[in-house]
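Have a look at the structure below before the remarks.
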Amino acid sequence: MKKIIYMCYLPLIFLFTGCKKEPVIESKAGVSLPMVTNLQLQKTAEKQVKLTWGIPSSVSDQIVQPLNVFVEVNEVISVTKTVSVFSTTLANAPTEFVYQLPDAAKNYHLTVKLMGNTKVVDKNYSSQIYSLGQTVVYTK
């Protein structure tokens, strides 16, 4: 009896598990921003760090100049969990930023991204775009 029930349910299991369609992730057409280059972290005081980076010269002419820079700081809670503690947007394409750490005894991920606006505005998409981020780690 158990074999008959097993044989009846086995095709149903295959039917439901075999019909999944994987999503296709495609990038949006249009211009993009390159990542910042040479991101470095330097401890300047007990609770203060200085981030420095370079802005690539290969920025498309379809992007409004000067670029902004987005900086985000996440506190590392565990191996798989971080909490955002600070974020800011810096105007006029700066190449350095000084940050006061909330607690120098904790670990932090500091991420820097380029941010810009496209000259041509499409009503279906936001004109504000971000580059991929580069991250450095502050450890106690």
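Overview of results
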| quantity | calculated |
| --- | --- |
| Residues of the range 35-65 classified as more than 18 Å from Ser126 (Cα to Cα) and either of a type in the set (Asp, Glu) or in a loop (DSSP other than H, G, I, E, B) (or both), total | 9 |
| Residues located in the range 96-124, provided they are at pLDDT 90 or above, open to solvent by 30 Å² or more (accessible area, probe 1.4 Å), of a type outside the set (S, T, N, Q) and not in a strand (DSSP E or B) | Pro102, Asp103, Ala105, Lys106, Lys119 |
| Number of the condition not met by Ser87 [criteria: (1) at pLDDT 95 or above; (2) of a type in the set (Gly, Ala, Ser); (3) under 23 Å from Lys119 (Cα atoms)] | (3) |
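The values are calculated or read from the model by the stated rules, or taken from the named source; none is laboratory data. Since the structure is predicted, the reported quantities are computational estimates derived from the model, not experimental observations. Protein only, heavy atoms only, side chains kept; ligands, DNA and RNA dropped before computing areas. Shrake-Rupley method; radii C 1.70, N 1.55, O 1.52, S 1.80 Å.
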